[in-house]
Amino acid sequence: MIVLAWRSLARRKLAVLAALLSVVVGSSLVTAALLIAGAQGRQGAASVTSWRFGAVDAVVKPPASITLASGLALDLPSMPRLTDEQTDAIRHAPGVTAVAVESPFPAYLVAPDGRVTGDAFTRSWGHPWSTALADNASLTTGREPNRPRDVAVDESVATAADIGVGDTVRVAHATGTDEFTVTGIVRRPGEQFEHALFFVGATAAQFGGAPVAALVSTTDIEALRHAVPGLQVLTGEARAGSLQLDLRQAELAGGSGQFLMAIALLALTNAVFVISSTLTVSIGQRRRELAMLRIVGTTPRLIRRLVTGEAAIIGALGGVVGAGVGMVLAELAREFFVAQDLMARGAVVSPEPLALLTGAAAAVLAALAAAWLPARRATRVAPLDALRESDIPSGAAGRGGTIFGWLLLATAVACLAGAFALGGPVTTVGGGIALMLVVTAFPLLVGASILLGPTLLRGVLTPLGKLLRSWFGGFIAERSIRSDLRRAAGVSVPLTLLVAVSAVLLFQDGANYQARSQVYADQVTADVVVTGGVQLGVPLGAVEALEAVPGVAAATGSLSSRLIFDETPTMRSNGTVTGVEPTGFGQVLHYEVVAGTWADFTDGSIAASQVVAAGEGWQIGGSVRFRYPDGTPGSAVLSTIYRDPMGVSDTVLPLDTLTPYVLEPFASAVYVALDPDTDQHVALTAINHALSSVAPGARATDRDEHLAQVAAQASGDNWIVLMVVVVLGGYAGFSAINVLIASTISRRREFALLRLAGARRPQIAGSLLIESLVVATTAIVAGTAIAAVTMIGYGYLLTDTIWLPFVGSAFLAIVACTYLAALLGTLAPARTAMTADPLQVVRAW
């Protein structure tokens with residue numbers, strides 16, 4: 001049977017090649033997405049840090065993770081610090097010959113022209129000079145720092161700032177700026193993920209505080225381990241992962257995997273439906289061949305085996321080739337994402353068997369699923385009826401497929417109803433389940449639209465029938481569609497996917513942006529907002545300087561991190577925390593109070609969102625226990641419960657309470673309230689002048705301009721979503737053209753008969769134009785309905801209101817691409833199909 005199937009495929013080279021190409025592309029996209037997502041999930045600390053510490057025997061540090069009461073191991077949001085007792089124990093351990101402590105702190109060199117060296121993707125940190133020695137660094141020019149106002153800088157810093165040995169530079173840190181003299185230029189081995197400045201140990205301790213690690217030279221590692229129970233003693237290759245300062249890279253290593261996995265699942269859904277529809281149309285074009293096999297005595301079982309065998313060969317061959325191509329695409333995508341700072345720079349794509357198997361298996365299973373129904377349908381009718389239907393196809397849809405389509409639609413409706421019943425916000429357990437129901441409804445709606453395609457086409461043709469029948473081209477188009485609804489429905493599947501997938505991706509991005517921007521705009525009541533250059537943040541030392549500016553009534557920095565909740569056994573193990581100044585908070589930010597009052601929010605207190613308070617069982621006036629970002633146990637009295645529908649800030653702490661437990665005490669923004677009679681323009685000028693000396697690169701704007709900047713920045717970051725739309729939507733569009741070409745070429749006999757009956761080529765081309773527009777319109781209606789219903793449910797979970805995050809320009813572009821794909825796939829091959837002599841075409845048939 002395999003030999004017979006192979007010979008059958010060899011006889012139909014062009015049709016098989018078109019189907020195979022669709023399978024290969026689908027399998028490669030699934031494989032590439034899974035490999036990229038897997039590369040993110042395997043990232044460790046060593047892959048996103050430049051420090052190797054090859055010149056010391058061990059790095060001793062507190063554990064960077066904590067085991068919760070539930071048994072869950074959780075990475076700490078900030079590096080924990082060593083106590084004085086622990087440092088003394090390390091120094092006095094048997095065999096220890098030298099100990100250097102590492103006290104890192106954010107330090108940005110300010111170039112002579114005022115530019116700050118460093119950005120959101122390549123941070124700049126200050127270190128003791130002993131850390132450079134432990135990392136096998138060497139001086140290319142100059143000398144090591146040995147005085148309090150000396151600094152040695154990385155080659156990358158010297159190049160970016162255009163400075164040299166002997167220059168006097170300013171260095172911005174958390175409490176302000178200070179002048180230092182450059183004494184040397186440093187080169188460190190290996191790839192660098194940060195800018196580094198090196199100071200004498202006393203200066204680093206002054207700005208960095210307690211050390212986060214000890215760099216130890218010892219002759220007895222085991223004795224060192226026994227001397228410091230509870231601490232990590234890292235040796236060999238493990239030393240490379242001991243100092244993780246680039247939080248952006250760590251965030252990318254751990255956070256974007258979920259996004260990439262969602263894209264992988266979407267690619268898998270897209271590929272399965274596209275491959276299935278492509279092969280369904282391809283097999284449907286062989287009705288006459290299968291009917292003739294029945295006439296000459298071939299058993300139904302043998303025909304089913306033949307068709308499924310051919311599909312299995314196409315699926316297996318396309319899956320294997322696609323998996324190989326997917327590996328190449330994954331590596332290219334990794335390089336692109338890393339270059340755009342959208343993926344951790346240490347990410348490595350490896351040939352994971354599960355990803356490769358999934359990509360290949362998706363192709364095989366989709367091919368077999370596509371072959372099963374046409375093969376079953378072809379063998380259930382009598383041989384003569386099958387031959388008759390091959391010439392004049394039945395216009396009716398299959399009863400089984402229609403019933404199953406209505407069942408899928410009912411299930412999707414039930415999922416959406418359940419999502420609306422559970423409601424949001426998505427940060428709650430119920431909201432999370434509701435979100436999963438909305439996500440589940442999407443493929444169900446797509447499946448229902450595919451199975452109910454003939455019904456949808458008939459519904460579109462009914463109101464258009466009278467209009468179409470008023471001229472020859474429309475009459476032929478309507479009759480052609482009605483005579484073979486299954487073929488027309490199969491052709492519309494990739495177009496439906498093109499619209500649905502593209503619209504959901506774009507509308508989802510718009511939904512998140514619109515909801516978050518609205519919540520943020522409602523929260524910010526400040527007259528002036530100060531932000532750092534290139535998302536660096538603002539040194540907290542700038543707040544005191546701003547409070548001294550005439551006309552400033554209140555100023556507070558906003559510092560973001562995460563707290564760990566381990567007191568009650570709930571699903572939420574951690575949450576975001578915002579540090580603010582209690583005295584000025586109420587004048588610059590507005591969080592809607594649910595219980596308690598902001599007047600009671602003082603030192604020793606904490607505020608929590610309604611979702612967190614309910615989930616943890618916290619009550620106003622009660623003592624709340626948690627762990628700070630570095631794992632230190634903490635407690636506070638719950639003073640306020642507020643509403644936070646988007647889960648942007650789960651808790652709020654006084655800034656002075658939170659700051660000692662974070663490694664990078666830079667405010668994401670400083671919010672300023674002005675006196676009522678203060679001229680805003682004059683105040684802005686004075687504030688920016690004050691910032692130039694304490695926070696280089698920071699800039700103050702009024703509230704409206706700040707919100708506009710946030711909006712522009714958010715809308716500018718969605719290009720990655722647009723790229724995904726182009727890839728997945730482009731695949732659907734390519735497959736649609738592929739299917740349309742095959743479908744049009746297979747109708748050569750129909751075109752020949754029309755020409756023999758007196759129809760001219762322009763008339764036939766006109767009918768094909770109308771037919772393609774009807775099919776494309778049906779796909780647009782179905783795809784838009786699927787996307788709209790899905791996104792209405794998603795928007796409801798975000799805002800508790802019924803709304804559609806509609807992006808008009810993007811939607812029009814999707815519609816235009818859909819019509820373009822339909823026209824290209826129909827008219828171009830039709831011209832080729834009508835060039836042959838009609839008598840020869842009919843005779844050959």
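The table below gives the values:
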| read-out | value |
| --- | --- |
| Qualifying positions in the range 810-831 - modelled with pLDDT under 80 and exposed (fewer than 15 other Cβ atoms within 10 Å of the Cβ) | ALA828, ARG831 |
| Filter pass, ILE185 being more than 34 Å from the chain's Cα centre (by Cα) and either part of a strand (DSSP E or B) or in contact (Cβ under 8 Å) with a residue 60 or more places away in the chain (or both) | yes |
| Enumeration of residues in the range 525-549 that are in contact with a Phe, Trp or Tyr (Cβ under 7 Å, 6 or more places away or on another chain), part of a strand (DSSP E or B) and within 19 Å of GLN587 (Cβ to Cβ) | VAL529, VAL538 |
| Test: SER492 is more than 35 Å from the chain's Cα centre (by Cα) and buried (at least 18 other Cβ atoms within 10 Å of the Cβ) | no |
| Matching residues in the range 518-544 - criterion: being within 20 Å of THR657 (Cα to Cα) and out of contact with any strand residue (DSSP E or B) (no Cβ under 8 Å at 6 or more places or on another chain) | GLU544 |
| Options LEU437, LEU445; residue that is at pLDDT 80 or above, buried (at least 23 other Cβ atoms within 10 Å of the Cβ) and either part of a loop (DSSP other than H, G, I, E, B) or under 24 Å from the mean Cα position of the chain (by Cα) (or both) | LEU445 |
| Qualifying positions in the range 570-602 - in a helix (DSSP H, G or I), touching a residue at least 24 places away in the same chain (Cβ under 8 Å) and touching a helix residue (DSSP H, G or I) at 6+ places or on another chain (Cβ under 9 Å) | PRO582, GLY584, PHE585, TRP598 |
| Selection status of VAL157, closer than 22 Å to PRO665 by Cβ and either surrounded by fewer than 16 Cβ atoms within 10 Å (Cβ to Cβ) or among the hydrophobic types (A, V, I, L, M, F, W, C) (or both) | yes |
| VAL504, sole failed condition from (1) closer than 20 Å to SER449 by Cα; (2) not in a helix (DSSP H, G or I) | (2) |
| Total residues in the range 588-623, condition under 19 Å from TYR661 (Cβ atoms) and out of contact with any Asp or Glu (no Cβ under 8 Å at 6 or more places or on another chain) | 7 |
| Conditions (1) in a strand (DSSP E or B); (2) surrounded by 23 or more Cβ atoms within 10 Å (Cβ to Cβ): number failed by LEU243 | (1) |
| Residue within the range 474-482 that is of a type in the set (A, V, I, L, M) and without any contact (Cβ under 8 Å) to a residue 40 or more places away in the chain present | no |
| Candidates THR83, THR117, THR131 - the one that is touching a residue at least 60 places away in the same chain (Cβ under 8 Å), within 30 Å of SER668 (Cβ to Cβ) and more than 38 Å from the chain's Cα centre (by Cα) | THR83 |
| Some residue of the range 558-567 being more than 29 Å from the chain's Cα centre (by Cα), assigned by TED's automatic domain parsing to the domain that holds ALA673, surrounded by fewer than 19 Cβ atoms within 10 Å (Cβ to Cβ) and not hydrophobic (A, V, I, L, M, F, W, C) | yes |
| Residues within the range 56-75 that are exposed (fewer than 14 other Cβ atoms within 10 Å of the Cβ), of a type in the set (A, V, I, L, M, F, W, C) and in contact (Cβ under 8 Å) with a residue 12 or more places away in the chain, tallied | 2 |
| Residues located in the range 189-219, provided they are under 27 Å from GLY95 (Cβ atoms) and part of a loop (DSSP other than H, G, I, E, B) | PRO189, ALA210, PRO211, VAL212, THR219 |
| SER480 being of a type outside the set (Asp, Glu), part of a helix (DSSP H, G or I), farther than 22 Å from ILE786 by Cα and touching a Leu at 6+ places or on another chain (Cβ under 9 Å) | yes |
| In the range 76-107, residue surrounded by the most Cβ atoms within 10 Å (Cβ to Cβ) [restricted to those that are of a type in the set (Ser, Thr, Tyr) and under 17 Å from VAL662 (Cβ atoms)] | SER103 |
| Residue within the range 220-229 that is touching an Asp or Glu at 6+ places or on another chain (Cβ under 8 Å), in a loop (DSSP other than H, G, I, E, B) and surrounded by fewer than 24 Cβ atoms within 10 Å (Cβ to Cβ) present | no |
| Of all residues in the range 633-645 being surrounded by fewer than 15 Cβ atoms within 10 Å (Cβ to Cβ) and at pLDDT 90 or above, the one that is nearest to PHE585 (Cα to Cα) | SER635 |
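Residues checked against (1) under 21 Å from the mean Cα position of the chain (by Cα); (2) modelled with pLDDT of 75 or more; (3) surrounded by fewer than 18 Cβ atoms within 10 Å (Cβ to Cβ):
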position: LEU722; (1), (2), (3): yes, no, yes
position: VAL725; (1), (2), (3): yes, no, no
position: LEU754; (1), (2), (3): no, no, no
position: ALA779; (1), (2), (3): no, yes, no
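The values are calculated or read from the model by the stated rules, or taken from the named source; none is laboratory data. Since the structure is predicted, the reported quantities are computational estimates derived from the model, not experimental observations. Virtual Cβ from ideal backbone geometry, glycine too; neighbours counted across all protein chains shown.
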